[in-house]
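A.B. asks: Below are the structure tokens for one structure; questions will follow.
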Amino acid sequence: MNGTVVKNQLIFDFASGILGPAKSLFASTYLELNSDASKIGSKFENMLGENLMDNENIHPKNLKYTDCMNNKNIKPDSNLKDPVTSLFGNLNNLNWKQVYKGFKEYAASIDDKDELKLIKMDPGVSVPLHSHGGKEYILVLEGSFCDEYGKYSRGDIQINDQKIKHTPIASKDTGCVCLSITEKDVIFFGKYGSFLNLFTFIKSFFK
Amino acid sequence: MEKSKLNNLMKQIQKDRDEMAFSQIFDFFAPKVNAYFIQNRIKFESSEELTQEVLSTVWVKSHLYDSSKSALSTWIFTIARNKKIDFLRKNSKINFKEEDIREFLYQDREIDLIEENEAKKQIERINNELDEQQKIMIKMNFFENKSHKKIADELEIPLGTVKSRIRHILTKMQEFLT
């Protein structure tokens, strides 16, 4: 499957409402930052709306339209919040955990099989060549990074699977902050590879 | 009922809080929304309560609907979907922390960024370019949220075929969605 299909699959699953909490938050932030993605989401919702329009009828037995006009549970005001801020607060005040020099992360406390975390890379810092056990989703929130496949700025996502080995480098000017989802721990290669693999292996005992 | 008629009824609700207009919207959508919940494996008793909440939301939050931005059915679909997520979250065996994030991710909001004409064109293309079985698969997968296994059982075709066909449809849909 090519990258666009995987990205769209994420958007479609979000529009259908079947994603777990971690991926829901990731996808909704993606749609908020990326107007192309948001447009695809709206188009897909239109299609699902057509399905509703043509859907079969199963009549409610004890429900009249007047029952829907005095429902006190529905409040007219909706108080929309930005998902990342609601979950993490101000990113500058977070208690970041340093993984190695120039590379920090902060894991969200969400009860889900997927792990959601923020990643912060100082300007020019790179991640050693690695691949992934499961899929990894990365969304750029601030700054940018590049790797063998291209440059990624605010609102861009990258989805990596087992086949992809890459060496991301944060922009020399701005560094970058990303939101990431990992389905399983990454596998490192190269000089510090075995050490980092051991590190993630040991870390998994303390989860 | 014609889409333009539904839109006019919605306008009457927005402008004059017209109860008769609402009763017609209710008659058209309540059975379809109720069916949506049942298709998503929610039991009849709960589906009826959820349908009540959806139609109540249409009445109370009618100001959030903008006919130049989306079809009424799209807006009502998103409300029903949000109620479904909320319901499944509350009834899940998993212990959610005090505030599950999905509660605020899927809030009722205006749908934006799509021009009415663009949406129309896109739906026409979907209708023209996908055959009947492909449309059914899309509906089962994304609207009724059935697993690939369940789809295979119901359509009596092998699981591998379902997976490859859905992948094919998604690839095809790139063309009209991007």
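The values are calculated or read from the model by the stated rules, or taken from the named source; none is laboratory data. Predicted model only: the values in this text are computed from it and were never measured. Quick reminder, even Gly has a Cβ in these numbers, built from the backbone with ideal geometry, and neighbours come from all protein chains shown.
A.B. asks: Modelled with pLDDT of 95 or more and of a type in the set (Phe, Trp, Tyr) - does that describe any residue in region B:13-22?
C.D. replies: yes
A.B. asks: State all residues of region A:141-154 that are in contact (Cβ under 8 Å) with a residue 60 or more places away in the chain and surrounded by 17 or more Cβ atoms within 10 Å (Cβ to Cβ); if no residue qualifies, say none. Spell out the reasoning first.
C.D. replies: Looking only at region A:141-154, we keep the residues that are in contact (Cβ under 8 Å) with a residue 60 or more places away in the chain, and these are A:141, A:154.
Passing the criteria: only A:LEU141.
A.B. asks: Within region A:70-88, take every residue that is more than 7 Å from chain B (Cβ to nearest Cβ) and not polar (S, T, N, Q) and give me the one that is farthest from B:GLN14 (Cα to Cα).
C.D. replies: By that ranking, first place goes to A:PHE88.
A.B. asks: Quick one: how many residues across region A:140-151 are more than 15 Å from A:VAL125 (Cβ to Cβ) and either among the aromatic types (Phe, Trp, Tyr) or not in a strand (DSSP E or B) (or both)? Steps first, please.
C.D. replies: Initial filter on region A:140-151 (more than 15 Å from A:VAL125 (Cβ to Cβ)): A:141, A:148-151.
From what's left, either among the aromatic types (Phe, Trp, Tyr) or not in a strand (DSSP E or B) (or both): A:148-149.
Total satisfying the criteria: 2.
A.B. asks: Check B:SER47 against each of (1) facing chain A (nearest Cβ under 7 Å); (2) modelled with pLDDT of 95 or more and name the one condition it does not meet.
C.D. replies: (1)
A.B. asks: OK, next. Which condition does A:VAL99 not pass, out of (1) surrounded by 15 or more Cβ atoms within 10 Å (Cβ to Cβ); (2) touching a Phe, Trp or Tyr at 6+ places or on another chain (Cβ under 7 Å), if it passes all the others?
C.D. replies: (2)
A.B. asks: Scan (1) in contact with a Gly (Cβ under 9 Å, 6 or more places away or on another chain); (2) at pLDDT 85 or above for the single condition B:ASP66 breaks and write down its number.
C.D. replies: Looking at each condition in turn, B:ASP66 falls short on (1).
A.B. asks: Would you mind finding the one in A:ASP54, A:ASP36, A:ASP112, A:ASP67 that is among the acidic types (Asp, Glu) and facing another protein chain (nearest Cβ under 7 Å)?
C.D. replies: Being among the acidic types (Asp, Glu) and facing another protein chain (nearest Cβ under 7 Å) holds for just one of A:ASP54, A:ASP36, A:ASP112, A:ASP67, which is A:ASP67.
A.B. asks: When you look at A:SER28, is it part of a helix (DSSP H, G or I), surrounded by 15 or more Cβ atoms within 10 Å (Cβ to Cβ) and touching a Pro at 6+ places or on another chain (Cβ under 7 Å), yes or no? Outline the logic, then answer.
C.D. replies: On the way: part of a helix (DSSP H, G or I): yes; surrounded by 15 or more Cβ atoms within 10 Å (Cβ to Cβ): yes; touching a Pro at 6+ places or on another chain (Cβ under 7 Å): yes.
The answer is yes for A:SER28.
A.B. asks: Separate question: Can you tell me which condition A:LEU80 does not meet? The list is (1) modelled with pLDDT of 90 or more; (2) surrounded by fewer than 18 Cβ atoms within 10 Å (Cβ to Cβ), and all the others hold.
C.D. replies: Failed condition: (1).
A.B. asks: So how many residues does region B:142-175 have that are among the acidic types (Asp, Glu) and surrounded by 15 or more Cβ atoms within 10 Å (Cβ to Cβ)? Show your work before the answer.
C.D. replies: Filtering region B:142-175 for residues among the acidic types (Asp, Glu) gives B:144, B:153-154, B:156, B:175.
Now restrict to residues that are surrounded by 15 or more Cβ atoms within 10 Å (Cβ to Cβ): B:144.
Here the count works out to 1.
A.B. asks: Given the conditions (1) of a type in the set (Asp, Glu); (2) at pLDDT 80 or above; (3) in contact with a helix residue (DSSP H, G or I) (Cβ under 7 Å, 6 or more places away or on another chain), which single one is not true for A:ASP185?
C.D. replies: (2)
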